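Step one of this worksheet: look at the structure below.
The values are calculated or read from the model by the stated rules, or taken from the named source; none is laboratory data. If you're wondering where the values come from, they're calculated on a predicted model, not measured in any experiment. Quick reminder, even Gly has a Cβ in these numbers, built from the backbone with ideal geometry, and neighbours come from all protein chains shown.
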Amino acid sequence: MDIHKNARLTPKGRERVVRQVLSGQTPKAAAFAVGVCPRTVRKWLTRYSIEGLAGLEDRSSRPRRLRQPTPLEVIEKIERLRRQRLTGKQIAAEAGVAPATVSRVLRRLGLNKLCALEPEPVRRYERENPGELIHIDIKKLGRIGSVGHRITGRQTGVVNRHLGIGWEFVHVCIDDASRIAFSRVMRDERKASAVAFLEAAVAYYASLGVTVERVMTDNGGSVGNFVSGPVGDHARNLSSNMIANCVFAWPHSLGGIFHSPAV
């Protein structure tokens, strides 16, 4: 129970006042002793005579009856719209009620948070057969020369010996249907390296019995000049998503997550 910091009486204090009055003390004297008005003491006496000790507990200030309660059909409409994952303001506009009313109804229904709703069904786009479409992307990562200043600390006057040591170019390919991935670290991201990687990827999938039919990539010049294929606008670039998921684990992730070790 959350008692107000300036509350004159707690349930225990109310019980003590009631027992003092029942033992013969006047309500006025008991009220003066605890710093409340006699009317308050008589209120606790009445509740105690009707409900016993339970009547001395705190009660909600919410009225038992509302003069104009929210109609049941409006409540059902609010619940239906909420299960369609509409926001409170959108529901209020659709149902024609105030946002405060929507908030109160949703809180009473236990739907005031989206996490209380049923999770959305997983919508996964994929081709039906392996090899119908492969995704290619390139991730440029800075080389790691040695332990950095976060471990050893910064030292005044010390020159960064690893400044300008270059980049690693991680070429990644992933099959749309099976999600089997192939990757290699190439010397650059130019056309020759991209062609060599694509040939290696096609050979890798061929060793698994998969024939590559289409290639999907971004608009990069290194691969956009020699690959093409009918792909929909709704298709996601899976290779980019895979790179984003493992970039923070570089460089140790390449040997463990991808099917092809880095070379």
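Residues in the stretch 116-140 that are more than 27 Å from VAL210 (Cα to Cα) and touching a strand residue (DSSP E or B) at 6+ places or on another chain (Cβ under 7 Å): LYS140 alone.
In a helix (DSSP H, G or I) and either of a type in the set (Phe, Trp, Tyr) or in contact (Cβ under 8 Å) with a residue 60 or more places away in the chain (or both), is that true of TYR125? The answer is no for TYR125.
Selection over the stretch 159-184 of residues that are part of a strand (DSSP E or B) and either modelled with pLDDT of 90 or more or crowded, with 20+ Cβ neighbours inside 10 Å (or both) gives a count of 11.
Restricting the stretch 87-101 to residues that are in a loop (DSSP other than H, G, I, E, B) and surrounded by fewer than 17 Cβ atoms within 10 Å (Cβ to Cβ), the residue that is farthest from the chain's Cα centre (by Cα) is GLY96.
In the stretch 24-44, which residues are of a type in the set (A, V, I, L, M, F, W, C) and out of contact with any Pro (no Cβ under 7 Å at 6 or more places or on another chain)? Across the stretch 24-44, the qualifying residues are ALA29, ALA30, PHE32, ALA33, VAL34, VAL36, CYS37, TRP44.
Looking only at the stretch 71-82, decide whether some residue is at pLDDT below 90 and touching a helix residue (DSSP H, G or I) at 6+ places or on another chain (Cβ under 8 Å). Looking for residues that are at pLDDT below 90 and touching a helix residue (DSSP H, G or I) at 6+ places or on another chain (Cβ under 8 Å), one finds none in the stretch 71-82, hence no.
With respect to the conditions (1) surrounded by 11 or more Cβ atoms within 10 Å (Cβ to Cβ); (2) closer than 22 Å to ALA116 by Cα, LEU72 lacks only one, and its number is (1). Selection of first residues in the stretch 154-179 that are among the hydroxyl-bearing types (Ser, Thr, Tyr) and of second residues that are at pLDDT 70 or above and surrounded by 15 or more Cβ atoms within 10 Å (Cβ to Cβ), restricted to Cβ pairs under 6 Å at least 6 apart or on distinct chains, gives the following pairs, ordered by first then second residue: SER178/PRO130. Just one of the listed residues (ARG127, ARG123, ARG104) is modelled with pLDDT under 90, surrounded by 13 or more Cβ atoms within 10 Å (Cβ to Cβ) and outside the structural domain of LEU208 (by TED's automatic domain parsing), and it is ARG127. Selection of the stretch 84-115 for residues being polar (S, T, N, Q) and either in contact (Cβ under 8 Å) with a residue 24 or more places away in the chain or touching a strand residue (DSSP E or B) at 6+ places or on another chain (Cβ under 8 Å) (or both) yields only THR101.
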